[in-house]
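Below: the structure, in structure tokens.
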Amino acid sequence: MKNLVRTLDSVDFLKMDRRTFMKAVGVMGASVFLGTYKTQMVSALEFAETKLIWLHGSECTGCSESLLNAGNPDVGQALSKLNVNLAYHETLLAQQGIFNDGKLVNTSELNSEILLEELIKEGKYILVVEGGIPNGPQGSGRYLVIGNKTFKETLGEAAKNATAIVAVGACACWGGITSADSDVAKDTDYRGVAFAKTDASKGMLKELGIDKPVINIPGCPAHPDWILLTLGAVILGKIKVPEDLPAVLDEYGRPKVFFPPDHTVHDNCPRRGYYDRGELDEEVGGPGCLWKLGCKAPYAHADCGIRRWNGSVSMCTQAGGPCIACVEPDFPDGSRPLYVEAEDKGVLLGANIDTVSKVAVGAAAVAAGVHAVRRMGKGE
Ligand code: SF4
Ligand code: SF4
């Protein structure tokens, strides 16, 4: 990676074609990327401030937390390098929504609902959505009302005027935790912005009659690099919306560079040697492979094993936690029960078989002898 960074350092970033750019963000963390291109970005962006509206639906705010935990660059540095005006972010705003006799009062300096209305009217912003969107009860969306308006309605208004829409985290992408199977799931009827679980015909924008492409950055939470680098690529025009999206996104709207269709977390797991030797832990706390403890990494299409988390220090399986495939559209139901060996379920986690790499499925099925399986998968 160091070599690639050195090579790219001598390249004019702005002249980079999309393919090279995507390769670069695939191997770099946000810190290296933004550091390497700082000067070029600053000069390039002097004339191009981008507004960001960040909406929160039903969620734990974990994706914003994850972004705020980005250490180098931190969010402030990243936003200033990318020349972003974070115009609206419900959990970071100082403004309050104030009503008097059912009417909004004050000005946009003090009232977040007025501010949001003004920003939407002005247009020319990237919309980031975090959290699931309830359609219930009975299609009203009234299970989430903010500022006297259903979140469903607010999302629709903001989506109509957005230049690009990015869903961040499993809940915004496909419903995630908010849409997990339960006694009330039918009534609450949680949706993602463009998908409901794996179903693209039931995304909330479709429900609202809005036909706009959405970039999905899943995860529970999403990795700060995935968020910052995707926003960076859109802001800098390296990914043009909508024309470039079919080439850079997979069938679930995820950037292939971070969520490669032919690569799973299992491929680069630090415990992979144990798996290949069949040394499978049966109790937590050991050094071996976590497959028998319910690891779902062979079904998780993400670069966690390469990129790692918390400043590239560690990641789930490295820290001893079985991967729960939090980036997949059927998460969490497809990964449940979380800490039980997947074979016990007798099904492939409910995942779309076409999206699961042949290598990973073969490897998961035999739980050993991966090299032979790899040859089989390639038909050698
Ligand atoms: S099954 Fe999980 S713990 Fe085992 S090697 Fe694969 S990713 Fe690592
Ligand atoms: S290792 Fe698995 S559970 Fe952990 S963040 Fe990556 S995809 Fe999600």
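The values are calculated or read from the model by the stated rules, or taken from the named source; none is laboratory data. Treat the numbers as computed from the prediction; the structure is a model and nothing was measured. All Cβ positions, glycine included, derive from the backbone under ideal geometry; neighbour counts span all protein chains shown.
Just the residues that are within 16 Å of ligand 2 (Cβ to nearest atom) and not β-branched (Val, Ile, Thr), please, taken from region 213-227.
Result: Asn216, Pro218, Gly219, Cys220, Pro221, Ala222, His223, Pro224, Asp225, Trp226.
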Every residue from region 80-125 that is under 28 Å from Gly219 (Cα atoms), free of Cβ contacts under 8 Å to residues at least 12 places away in the same chain and of a type outside the set (Ser, Thr, Tyr): Ala94
Quick one: how many residues across region 68-95 are closer than 14 Å to Asp225 by Cα and either in a loop (DSSP other than H, G, I, E, B) or outside the structural domain of Val166 (by TED's automatic domain parsing) (or both)? 7
Within region 140-152, restricting attention to residues that are surrounded by fewer than 20 Cβ atoms within 10 Å (Cβ to Cβ) and in contact (Cβ under 8 Å) with a residue 24 or more places away in the chain, which residue is farthest from the chain's Cα centre (by Cα)? Asn148
Selection from region 294-307 of residues within 13 Å of ligand 1 (Cβ to nearest atom) and among the basic types (Lys, Arg) yields Lys296
Is region 297-304 home to any residue that is farther than 21 Å from Lys197 by Cα, within 12 Å of ligand 2 (Cβ to nearest atom) and out of contact with any Phe, Trp or Tyr (no Cβ under 6 Å at 6 or more places or on another chain)? yes
Considering residues that are within 18 Å of Gly285 (Cβ to Cβ) and of a type outside the set (Gly, Ala, Ser), the number found within region 308-323 is 6
From the option list Leu155, Leu127, Leu115, single residue qualifying as of a type outside the set (Gly, Ala, Ser), within 21 Å of the chain's Cα centre (by Cα), crowded, with 17+ Cβ neighbours inside 10 Å and assigned to a helix (DSSP H, G or I) is Leu155
Selected residue [out of contact with any helix residue (DSSP H, G or I) (no Cβ under 8 Å at 6 or more places or on another chain), surrounded by fewer than 20 Cβ atoms within 10 Å (Cβ to Cβ) and hydroxyl-bearing (Ser, Thr, Tyr)] from Ser64, Ser80, Ser108: Ser80
Pairs, please: C-beta under 7 Å, at least 6 apart or cross-chain, first residue more than 16 Å from Ser335 (Cβ to Cβ) and in region 177-193, second of a type in the set (Phe, Trp, Tyr) and surrounded by 15 or more Cβ atoms within 10 Å (Cβ to Cβ)? Thr188/Tyr143; Gly192/Trp174
Scanning region 196-221 for residues that are among the β-branched types (Val, Ile, Thr) and assigned to a loop (DSSP other than H, G, I, E, B), the one surrounded by the most Cβ atoms within 10 Å (Cβ to Cβ) turns out to be Val214
Residues of region 273-311 that turn out to be touching a residue at least 12 places away in the same chain (Cβ under 8 Å), within 25 Å of the chain's Cα centre (by Cα) and surrounded by 18 or more Cβ atoms within 10 Å (Cβ to Cβ), as a count: 16
Just for region 247-261: of the residues that are modelled with pLDDT under 95 and away from ligand 2 (no atom under 16 Å from the Cβ), which one is nearest to Cys173 (Cα to Cα)? Val248
Tell me whether region 101-117 contains one or more residues that are acidic (Asp, Glu) and touching a strand residue (DSSP E or B) at 6+ places or on another chain (Cβ under 8 Å). yes
